[in-house]
Structures are given as structure tokens and as C-alpha cells.
Amino acid sequence: MNIFPFLLSLFVVITPASDFDCDGQILNATIRNNLNGDFSIVTDLEKVDQGAFVVIDWKEISLMLPVSFQKGEITFTDRKWLWSYQDKEKGLHQETPRLSQLIQTGEIIEHECKLPIKEIT
């Protein structure tokens, strides 16, 4: 039995980034757990609790979206806006999270989000 891969897996965490390029503008997303009222910042997507929410600051928009516990998903939504790191269709996509917006006509606008390219200096 090789124990090294097992031990290595204990150190692998799914750490969400906080800054993304969404439609050419910087979006900041901070996830906080609040099951115990402590508002602790989430540094591992596998540890999102039932009281979690994401705070999104983008363009002139500030959103606070509650977690939506659907099996196999890591998604936050208020039913008008949706922010997702994992869904059944694409699996885990933390480097290209989904941001979508439901507008009054019933149309869903998908915003393109990705990790920003870091300049090498």
C-alpha cells in the first residue's frame, strides 16, 4: 500500500480565488460562512456551510448571494443573479466561474468570467 498519495491528498484544497476578469472588468468575490454567526472567510470550497454567502463587487454592482445547496453544485443565487464554481453540467470550474443574470424579459445573460492574467515583471 502506497501511503504517499493519500497523505498528499490531505493537503489538496479547493481554494477559491477572489478576483476575476468578468466581461473585461475586475470582479471581487468573497465567500463567507455564517452558520455560527462568525462571518469567517472561506478558503476551501469543500468547507462551504449552510449559512454561507458570497459578496460580489463588480462594476457598479454589489451583491450578497446566499448559498444554494443543490447536490453536486457549489452555487450562490438570489434567483436573479447566480455565481457558481461547480455544477452538474461543467463539473468544478473554479478558474472560470459562472456569473449569470436573469433580466425582466426572462432572458438570461451569461457573463464571461475567468482568472485574470498576471503580468510577469
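Every number in this text was worked out from the coordinates using simple rules, so none of it is lab data. Bear in mind that the values here come from a model prediction, so they are computed numbers and not experimental data. For neighbour counting, all protein chains shown are included, and Cβ atoms are generated from backbone atoms with ideal geometry for every residue, glycine included.
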- [ ] Please list, in chain and number order, the residues 5+ apart from Val42 or on another chain whose amide H is under 5 Å from its amide H, with Hs placed from the backbone.
- [x] Ile31, Arg32, Asn33
Open item on the list: On a straight-distance basis, which aspartates and glutamates could pair with Lys88 in a cross-link, Cα separation under 12 angstrom, same-chain partners fewer than 8 positions away excluded?
Closed with: Glu73
- [ ] Using only the Cα atoms of segment 15-114, build the gyration tensor, take square roots of its eigenvalues as a ≥ b ≥ c, and label the shape rounded, prolate or oblate: rounded if a/c is under 1.5, else prolate if a/b is larger than b/c, else oblate.
- [x] rounded
Open item on the list: Give me Leu92, Leu45 sorted ascending by neighbouring Cβ count inside 10 Å, so fewest comes first.
Closed with: Leu92, Leu45
Open item on the list: Straight-line reach only, C-alpha to C-alpha below 24 angstrom: list the lysines that Lys118 could link to, leaving out same-chain residues fewer than 8 apart.
Closed with: Lys59
- [ ] Within 10 Å of each residue's Cβ, count the other Cβ atoms and sort Trp58, Trp83 from fewest upward.
- [x] Trp58, Trp83
Open item on the list: So, R0 is 25 Å and r is the distance between the beta-carbons of Ile108 and Gln50; what FRET efficiency does that work out to, to 0.05?
Closed with: 0.40
Task: Separation of the Thr30 and Gln70 label points, Cα + 7 Å toward Cβ, nm - done: 2.8 nm
Open item on the list: Using a 7 Å offset from the Cα along the Cα-to-Cβ direction at both Ser18 and Glu95, what is the distance between the two label points in nm, to one decimal?
Closed with: 2.2 nm
TODO: Determine, for Thr105, Thr96, Thr77, the number of other Cβ atoms within 10 Å of each Cβ, and report the residues in order from fewest to most.
DONE: Thr105, Thr96, Thr77
